[in-house]
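Student: Input: one structure, supplied below.
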Amino acid sequence: MSLKLSREAFDDVLKDLGKEYKIYAPIRIKGEGRFSDTDVVRYGEVSGLDEIEIHEKAHFSPKEILFPITQTLFYFTEGEYQEPKYDEKKIIVFLRPCDINGVTRLDQVFLENGEDKDIYYERLREKVKFFMIECIEGFDNCFCVSMDANKTEKYAAAIRFGDDMLVEIKDEALINAFQEKGEFVNFEPTFIQENLVNVKLPDIEQITTETFEDDMWKEYAQRCIACGRCNFVCMTCSCWTMQDIAYDENNSSGERRRAWAGCHVDGFTDMAGGHGFRKNYGDRMRFKTMHKINDFKKRNGYHMCVGCGRCDDVCPEYISFSSCINKVTKLVGEERK
Amino acid sequence: MDINTKKIKKNAYRVTKVRGKTALRIRVPGGHLDVKYFDIIKEVAEKYGDGSVHMTIRQGFELPGIDFDKIPEINRMIAPIIQGLELDYGVSIDDIEGGYPAAGTRNVSACIGNNVCPFANYNTTDLAIKIEKAIFPNDRHVKIACTGCPNDCIKAHMQDFGIIGQVEPIYEASRCVGCEACVKNCKKRVTGALRMENYKVKREEDRCLGCGECILKCPTGAWRRNPEKYYRVVIMGRTGKKNPRLAETFLEWVDEETIIKIITNTYTFIEEYIDKEAPLGKEHIGYIVDRAGYHVFKEYALKDVVLGPKAQVANHIDFGGYKYERNIYFTK
Amino acid sequence: MKNPYLPNKYMILDVQHQTDIDYTFRVACDIAPKNGQFVELSIPKIGEAPISISDFGDGYIDMTIRRVGKVTDYLHNLRPGDHMYLRGPYGNGFPLDHYKGKRLVIAAGGTGLAPVKSIINYFHQHSQEIQGLDLFIGFKSPKDILFMDEIENWMKNERFNVVLTVDKGDECWTGNVGLITQYISQESIGKDENLEVIIVGPPMMMKFTALEFLKKEILENQIWVSFERKMSCGIGKCGHCKIDETYVCLEGPVFNYTKAKKLID
C-alpha cells in the first residue's frame with residue numbers, strides 16, 4: 001500500500017507511532033561536531049519529522065541501535081549474575097538501503113555464526129522495524145552499487161522525503177497508523193543505480209598468502225594511525241570486548257558490559273601476558289580489508305562491506321577504503337560474475 | 001622640510017632612518033583580508049613607495065620609502081581599505097580619506113582560527129574584528145591578539161591581552177568504548193587532565209585547559225563540544241627593553257561579551273593611571289598595571305562585568321619574565 | 001531465551017602450586033569436555049578469560065592457570081571451597097580417536113603442556129591404544145617446569161619416550177638443556193604414515209617445531225596444533241579470535257597443520 005501524505009500528516013503519524021515505538025533517525029546536533037562550529041549528524045530518538053536529517057549522511061551508522069556502543073550484560077550483586085531489565089517498547093529506525101543490508105551482516109554474526117545466538121542482539125533485533133529512507137543520489141564516497149548493497153526488500157515502510165511525503169507500507173501492523181492520513185498513490189521506492197565512486201571486487205579464489213604478504217600493505221603501515229574511527233563508524237564492524245567493573249571500593253556490586261572493539265585499535269589482539277598478533281598497522285588494514293571483502297564472503301557467501309563509505313568520510317589520514325579494495329583487485333584480478 | 005611627527009605618527013606613518021622618507025602601516029584586523037586590497041597596496045607601494053611591502057608581526061603591511069608630502073594622496077588611495085577593513089566592521093572613522101586616525105592601539109591580530117584549523121575553538125578573525133570595533137581608533141598603546149587554542153600560534157602570551165579559545169568537552173559515557181585515545185593524548189600533549197576509571201574517562205576540571213584535543217581524538221563521538229564558546233584571557237605579556245615576560249592568566253571560561261567589556265574598561269583604567277609625565281605621553285599598559293597593582297587593574301577591568309557561572313578570575317598574578325635593569329622599580 | 005553469556009558457579013576442590021605463577025585449580029563441575037577444549041572463566045567485577053582445560057575426570061575439571069592479568073591475579077588468591085564461574089566448554093578439541101592405533105608425537109612448550117596433558121594422561125592409562133608416544137617438553141628454566149610429578153610418571157611408561165628440556169639450566173639441573181627442536185632433530189622420527197604429531201606452545205615455538213617435523217618428512221596433514229587467541233566470547237560473536245574466515249573459538253583451537261599454515265593473523 002502506498003500513500004501520499006502532507007508533511008504535517010506524516011508528522012502526526014510519527015507522533016502517533018511514538019506512543020508505541022521508540023523512533024530513531026539521523027539527527028543534526030548543532031555545533032557539537034568534532035571541529036568547532038561544525039555539527040554532528042548521528043542517530044538519535046526523534047519525535048517529529050523536522051528532527052530528521054536526510055541531507056547529509058549520518059557520520060555514525062545506525063548499528064548502535066541494535067548493537068549499542070556499550071551494553072550491560074549482567075549486574076552483579078553479592079556475586080550473583082542478574083540480567084538487565086528488558087525494555088518492551090518496540091523500535092522504528094529510519095535508515096538507507098545500504099544500512100539495512102548492513103543489518104543483514106550483523107544478523108549473520110550475532111545470530112548465525114556458531115551455534116549460539118547473541119541474546120542481547122536478538123532481543124533488540126526482534127523489536128525493530130525499518131523505515132527505509134529512499135536514497136537515489138547517495139553521497140561522497142558511497143559505493144553501495146559496487147557492493148550490491150544499494151537495494152533491499154527488507155523494510156516495513158519506504159519513504160520518499162519531499163514537500164509531500166510518499167510512503168510505501170509493507171508491514172500490515174503499520175497500516176492503521178497511516179491509512180486515514182493520506183491519499184492512495186502508486187509509489188515504489190527507487191534505488192540508486194550509480195555512485196560517484198565505484199570499486200572492482202577481487203576474485204577471492206585468487207587471494208592467497210602472497211596477497212596477505214604483498215607490499216601493498218606496507219604503505220598503510222606508514223599511513224594508518226590506528227585510531228579506529230573506520231571501525232566505529234562502519235555499519236558492519238561488529239567486534240566487541242567484555243568489560244567488568246566494580247561500582248565501589250568494597251567491591252560488593254558491579255556489572256559486566258560489552259563495548260565496541262576495533263581491529264585497528266591497539267590491544268585488539270593482545271592476550272593476557274602481552275602477546276599481540278597484529279602490532280603492525282599495515283597488518284591491521286589488511287585484516288580489516290580481508291574481512292570486509294574476502295573472508296566474510298568465504299564463510300557466508302556474500303561480502304561484508306556494504307559500501308556506505310563512512311570509513312572514507314572519517315579517516316583523518318585520508319585513507320580510502322574503496323581505493324584499497326581496488327588495489328587488492330588489481331593485485332589478484334577481478335571477480336568473475 | 002617641516003613635518004609634525006606627532007601628527008603623522010598618529011596617522012600610522014613613521015619617522016624612518018632615511019631623511020625625508022616615511023612608511024605607512026596598513027591594519028588588517030584579525031589578520032585576514034580579501035585579496036582585492038592587495039591591488040591598492042601594490043599600487044601605493046609602486047607609485048609612492050619603493051615597490052616593496054613588509055609584513056609586520058602584527059599582521060599589518062608596512063610600506064616603506066614614501067615621501068612625506070605624498071601622505072594626503074596616499075590616504076585618499078587607501079580609503080577603500082579603511083572602508084572595507086574598518087568601517088565595514090563597524091569602526092567609526094570620521095574622515096575616511098584622511099588615513100588612519102590613530103596608531104597607539106595596535107592591529108588586533110589573530111591565528112588562522114576555526115575557518116581552517118582543526119584545533120581552533122572559535123573564529124579568531126571574527127572576534128578580533130569585534131574587538132577592533134570596540135577599541136579603535138585609540139591612541140593608547142595596547143596590543144591584543146586572538147588565538148584559537150592553547151597552542152597559541154599567534155603568540156597571545158606576548159600581548160597585553162591574549163584571547164585563547166576554550167571548549168568545554170561533554171562526555172557521554174555510554175558512547176565511550178574505553179580505547180584511551182583521549183587519555184593517552186592528553187597525557188602526551190596536554191596536561192594529563194584525563195584518566196581511566198572502570199573503562200571510562202574522568203576529567204579533572206582544574207587541570208583541563210579546554211583545548212578540545214579529547215574531542216578531536218575520540219573515535220566514537222563520546223566527547224562532544226559544548227557549542228557555547230569560552231575563552232581564557234592572558235594579560236600583560238610583553239617584549240621591550242625593561243622586563244620581557246609572558247602573559248599570565250587573568251580569566252578563564254569567560255564569554256565574548258566579557259572580553260570586550262574588560263578591554264574597554266581597561267582604557268578607563270589607563271586614563272586614570274597613566275604616567276602623565278611619560279615621554280611622548282606614551283606608556284605601555286603593562287607598566288601601568290605594574291605601578292598601580294593587579295588588584296586595582298582587576299577592579300577597573302571587571303567593573304560592571306557579569307561573569308558566567310563557569311568563569312574564574314585570578315586572585316593574584318605573580319608576573320615572571322626577567323628585568324634587564326635590576327633596580328628598575330627603585331629611584332636612586 | 002538461553003543466555004549463552006551466563007556462566008555457572010562451581011566450587012574449587014583443590015589448588016596445586018606448579019610454579020610460583022602457575023597454579024592448577026580442580027573445580028567440581030558437570031562440564032564434560034573433550035581434550036583440548038577451553039572454558040571462559042569468569043570472576044564477577046573482574047572479568048573473563050579463556051582458559052584451556054588441562055585435565056578432567058568424573059565430576060571435575062582441572063585448569064592450570066598462569067598469573068598474567070587481572071582475572072588470573074584474583075584467581076590465585078582463591079582457595080579450596082571458594083567459587084569461580086565458568087561457561088563452556090568451547091572449541092573443537094583434539095581428534096583423540098584419530099590418534100588411536102598410531103604412533104603419537106607431542107611437542108609442548110611451557111604452558112602449552114596444559115591443553116595436551118589430558119591426552120597424555122589418557123594414553124598413559126590406555127597405553128595399548130597407541131603404538132607409542134614421543135613426548136618433547138620444553139620449559140624456559142627448571143623453575144618453570146609444570147606437572148613434574150606427572151612427567152616423572154610418564155617417563156616410567158615403557159611405551160613413552162619422554163624428553164624434558166629447559167632453555168637454560170641452573171646449578172642443580174642435570175637434565176637436557178636446549179630448545180626442543182634440537183632434540184626432535186636428533187630423534188629417529190621420519191616418514192611414517194602411521195604417525196601423528198601434536199604441537200602446542202607459544203606462537204614462535206609452534207612455528208619452528210612444525211618446520212622441524214616437516215624437515216623430517218612428516219606430512220602436513222599429520223601435524224596438529226592448538227592456537228591461543230584473545231577470545232572474549234568463546235562463541236563466535238566478538239571477533240577477537242577470527243583469522244581469515246576461521247574463528248579459533250568455533251573451528252579451533254585445534255587445527256590440522258594444512259589449515260593452520262594458512263591462518264595468517
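The values are calculated or read from the model by the stated rules, or taken from the named source; none is laboratory data. Fair warning: this is a prediction, and the values are worked out from it, not measured in the lab. All Cβ positions, glycine included, derive from the backbone under ideal geometry; neighbour counts span all protein chains shown.
Student: Return the residue satisfying two criteria in turn: it lies in region A:269-282 and is surrounded by 17 or more Cβ atoms within 10 Å (Cβ to Cβ) and facing another protein chain (nearest Cβ under 7 Å), and of such residues it is nearest to A:MET235 (Cα to Cα).
Tutor: A:THR269
Student: Filter region C:184-205 down to residues that are within 14 Å of another protein chain (Cβ to nearest Cβ) and surrounded by fewer than 23 Cβ atoms within 10 Å (Cβ to Cβ) and give me whichever is nearest to the chain's Cα centre (by Cα).
Tutor: First, pick out the residues of region C:184-205 that are within 14 Å of another protein chain (Cβ to nearest Cβ): C:201-205.
Those still in the list that are surrounded by fewer than 23 Cβ atoms within 10 Å (Cβ to Cβ) too: C:202-205.
Numbers: C:PRO202: 11, C:PRO203: 13, C:MET204: 16, C:MET205: 13 Å.
If we take residues in region C:184-205 being within 14 Å of another protein chain (Cβ to nearest Cβ) and surrounded by fewer than 23 Cβ atoms within 10 Å (Cβ to Cβ), then C:PRO202 is nearest to the chain's Cα centre (by Cα).
Student: Looking at B:LYS155, B:LYS143 in this structure, which one is without any contact (Cβ under 8 Å) to a residue 40 or more places away in the chain and either touching a strand residue (DSSP E or B) at 6+ places or on another chain (Cβ under 6 Å) or not aliphatic (A, V, I, L, M) (or both)? Even if it seems obvious, please write down each step before you answer.
Tutor: Values: B:LYS143 fails: without any contact (Cβ under 8 Å) to a residue 40 or more places away in the chain.
Within the list B:LYS155, B:LYS143, the selection yields B:LYS155.
Student: Still on this structure, I have one more. Please determine whether any residue of region A:302-312 is surrounded by fewer than 18 Cβ atoms within 10 Å (Cβ to Cβ) and away from chain C (no Cβ under 11 Å). Before you say what the answer is, go through the steps one by one.
Tutor: Of the residues in region A:302-312, the ones surrounded by fewer than 18 Cβ atoms within 10 Å (Cβ to Cβ) are A:302.
Subsequent filtering for residues that are away from chain C (no Cβ under 11 Å) retains A:302.
Taking every residue of region A:302-312 in turn, at least one turns out to be surrounded by fewer than 18 Cβ atoms within 10 Å (Cβ to Cβ) and away from chain C (no Cβ under 11 Å).
Student: Further, regarding this structure: Filter region A:289-324 down to the residues that are part of a helix (DSSP H, G or I), more than 18 Å from A:LEU196 (Cα to Cα) and in contact with a His (Cβ under 9 Å, 6 or more places away or on another chain) and list them by number. Quick ask: steps written out before the conclusion?
Tutor: Pass one, region A:289-324, residues part of a helix (DSSP H, G or I): A:289-300, A:310-314, A:321-324.
Going one step further and asking which of them are more than 18 Å from A:LEU196 (Cα to Cα), we end up with A:289-300.
Once the filter is applied, which keeps residues that are part of a helix (DSSP H, G or I), more than 18 Å from A:LEU196 (Cα to Cα) and in contact with a His (Cβ under 9 Å, 6 or more places away or on another chain), region A:289-324 yields A:LYS292, A:ILE293, A:ASN294, A:PHE296, A:LYS297.
The rows are residues; the columns are (1) within 13 Å of chain A (Cβ to nearest Cβ); (2) surrounded by 24 or more Cβ atoms within 10 Å (Cβ to Cβ); (3) farther than 15 Å from B:LYS217 by Cα.
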residue	(1), (2), (3)
B:ARG140	no, no, yes
B:ILE154	no, yes, yes
B:VAL183	yes, no, no
B:ALA193	no, no, no
B:TYR199	yes, no, yes
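Student: Given the condition at pLDDT 95 or above, more than 7 Å from chain C (Cβ to nearest Cβ) and under 20 Å from the mean Cα position of the chain (by Cα), answer yes or no: does some residue in region A:208-220 qualify?
Tutor: Checking region A:208-220: not a single residue is at pLDDT 95 or above, more than 7 Å from chain C (Cβ to nearest Cβ) and under 20 Å from the mean Cα position of the chain (by Cα).
Student: I'd like the full set of residues that are closer than 22 Å to B:HIS157 by Cβ and exposed (fewer than 13 other Cβ atoms within 10 Å of the Cβ), limited to region B:268-290. I'd like the intermediate steps shown before the answer.
Tutor: Of all residues in region B:268-290, those closer than 22 Å to B:HIS157 by Cβ come to B:269-270, B:283-290.
Those that are closer than 22 Å to B:HIS157 by Cβ and exposed (fewer than 13 other Cβ atoms within 10 Å of the Cβ): none in region B:268-290.
Student: If you don't mind, there's one more thing I want to ask. Which condition from (1) in contact with a Leu (Cβ under 8 Å, 6 or more places away or on another chain); (2) modelled with pLDDT under 95; (3) not aliphatic (A, V, I, L, M) is the one that C:ARG26 breaks?
Tutor: All conditions pass for C:ARG26, except number (2).
Student: While we're looking at this one, here's another question. Just to be sure, is A:MET304 in contact (Cβ under 8 Å) with a residue 40 or more places away in the chain and not polar (S, T, N, Q)? Quick ask: steps written out before the conclusion?
Tutor: On the way: in contact (Cβ under 8 Å) with a residue 40 or more places away in the chain: yes; not polar (S, T, N, Q): yes.
Here the answer is yes, as A:MET304 does meet what is asked.
Student: I want to confirm something. Restricting to region C:68-106 and keeping residues that are within 23 Å of C:ARG26 (Cα to Cα) and among the aliphatic types (A, V, I, L, M), which single residue is farthest from the other protein chains (Cβ to nearest Cβ)?
Tutor: Our first condition is that a residue be within 23 Å of C:ARG26 (Cα to Cα); within region C:68-106, this holds for C:68-94, C:96.
Those left that are additionally among the aliphatic types (A, V, I, L, M): C:68, C:71, C:75, C:78, C:84, C:86, C:96.
Working: C:VAL68: 4, C:VAL71: 7, C:LEU75: 11, C:LEU78: 12, C:MET84: 10, C:LEU86: 12, C:LEU96: 21 Å.
So, considering only residues that are within 23 Å of C:ARG26 (Cα to Cα) and among the aliphatic types (A, V, I, L, M), the one farthest from the other protein chains (Cβ to nearest Cβ) is C:LEU96.
Student: Turning to a different aspect of this structure: Only one residue in A:ASN231, A:ASN300, A:ASN250 is at pLDDT below 95 and either under 30 Å from C:LEU6 (Cβ atoms) or under 19 Å from the mean Cα position of the chain (by Cα) (or both). Which one?
Tutor: Values: A:ASN231 fails: at pLDDT below 95; A:ASN300 fails: at pLDDT below 95.
One residue alone meets the criteria, A:ASN250.
Student: I'm trying to understand the selection: among the residues of region A:189-210, which are in contact with a helix residue (DSSP H, G or I) (Cβ under 6 Å, 6 or more places away or on another chain) and in a helix (DSSP H, G or I)?
Tutor: Across region A:189-210, the qualifying residues are A:ILE204, A:GLN206.
Student: Of the residues C:THR181, C:THR174, only one is touching a Ser or Thr at 6+ places or on another chain (Cβ under 6 Å), farther than 29 Å from C:PHE25 by Cα and of a type outside the set (Lys, Arg); which?
Tutor: C:THR181
Student: When you scan region B:63-85, how many residues do you find that are within 30 Å of B:CYS153 (Cβ to Cβ) and crowded, with 19+ Cβ neighbours inside 10 Å? Explain how you work it out, then say what you get.
Tutor: Of the residues in region B:63-85, the ones within 30 Å of B:CYS153 (Cβ to Cβ) are B:63-64, B:78, B:80-85.
Adding the requirement that they be crowded, with 19+ Cβ neighbours inside 10 Å leaves B:63, B:78, B:81-82, B:85.
Going through region B:63-85 one residue at a time, the tally reaches 5.
Student: Could you check how many residues of region A:152-188 are assigned to a loop (DSSP other than H, G, I, E, B) and over 17 Å from A:VAL93 (Cα atoms)?
Tutor: Here the count works out to 9.
Student: While we're here: What single numbered condition from (1) over 19 Å from C:LEU135 (Cβ atoms); (2) in contact (Cβ under 8 Å) with a residue 40 or more places away in the chain; (3) assigned to a loop (DSSP other than H, G, I, E, B) fails to hold for C:ASP265?
Tutor: (2)
Student: Out of curiosity, is A:ARG42 facing another protein chain (nearest Cβ under 8 Å), among the charged types (D, E, K, R) and buried (at least 17 other Cβ atoms within 10 Å of the Cβ)?
Tutor: Working: facing another protein chain (nearest Cβ under 8 Å): yes; among the charged types (D, E, K, R): yes; buried (at least 17 other Cβ atoms within 10 Å of the Cβ): yes.
Spelling it out, A:ARG42 is indeed facing another protein chain (nearest Cβ under 8 Å), among the charged types (D, E, K, R) and buried (at least 17 other Cβ atoms within 10 Å of the Cβ).
Student: Quick check on this structure: which one of A:ARG223, A:ARG229, A:ARG258 is in the same structural domain as A:LYS298 (by TED's automatic domain parsing), in contact with an Asp or Glu (Cβ under 7 Å, 6 or more places away or on another chain) and not aliphatic (A, V, I, L, M)? If you could, list the steps in order and put the result at the bottom.
Tutor: On the way: A:ARG229 fails: in contact with an Asp or Glu (Cβ under 7 Å, 6 or more places away or on another chain); A:ARG258 fails: in contact with an Asp or Glu (Cβ under 7 Å, 6 or more places away or on another chain).
Answer to the check: A:ARG223.
Student: Another one. Taking strands (runs of 3 or more DSSP E) that fall entirely within region C:45-147, which contain at least 2 residues that are touching a residue at least 40 places away in the same chain (Cβ under 8 Å) and among the aromatic types (Phe, Trp, Tyr)? Steps first, answer last, please.
Tutor: Values: elements: C:47-52, C:55-57, C:60-66, C:83-90, C:103-109, C:132-139.
So the answer is C:83-90.
Student: Out of the strands (runs of 3 or more DSSP E) lying entirely within region B:138-250, which hold 1 or more residues that are among the aromatic types (Phe, Trp, Tyr) and over 30 Å from B:LYS261 (Cβ atoms)? Spell out the reasoning first.
Tutor: Details: elements: B:144-147, B:161-166, B:169-171, B:194-197, B:200-203, B:223-225, B:230-235.
Where strands (runs of 3 or more DSSP E) fall fully within region B:138-250 and carry at least 1 residues being among the aromatic types (Phe, Trp, Tyr) and over 30 Å from B:LYS261 (Cβ atoms), they are B:169-171, B:223-225.
Student: Right, B:LYS188: of a type in the set (Lys, Arg) and within 14 Å of chain A (Cβ to nearest Cβ) or not?
Tutor: On the way: of a type in the set (Lys, Arg): yes; within 14 Å of chain A (Cβ to nearest Cβ): yes.
Against the criterion (of a type in the set (Lys, Arg) and within 14 Å of chain A (Cβ to nearest Cβ)), B:LYS188 qualifies.
Student: Can we say A:GLU83 is within 14 Å of another protein chain (Cβ to nearest Cβ) and surrounded by fewer than 19 Cβ atoms within 10 Å (Cβ to Cβ)? Quick ask: steps written out before the conclusion?
Tutor: Numbers: within 14 Å of another protein chain (Cβ to nearest Cβ): yes; surrounded by fewer than 19 Cβ atoms within 10 Å (Cβ to Cβ): yes.
Yes: the conditions hold for A:GLU83.
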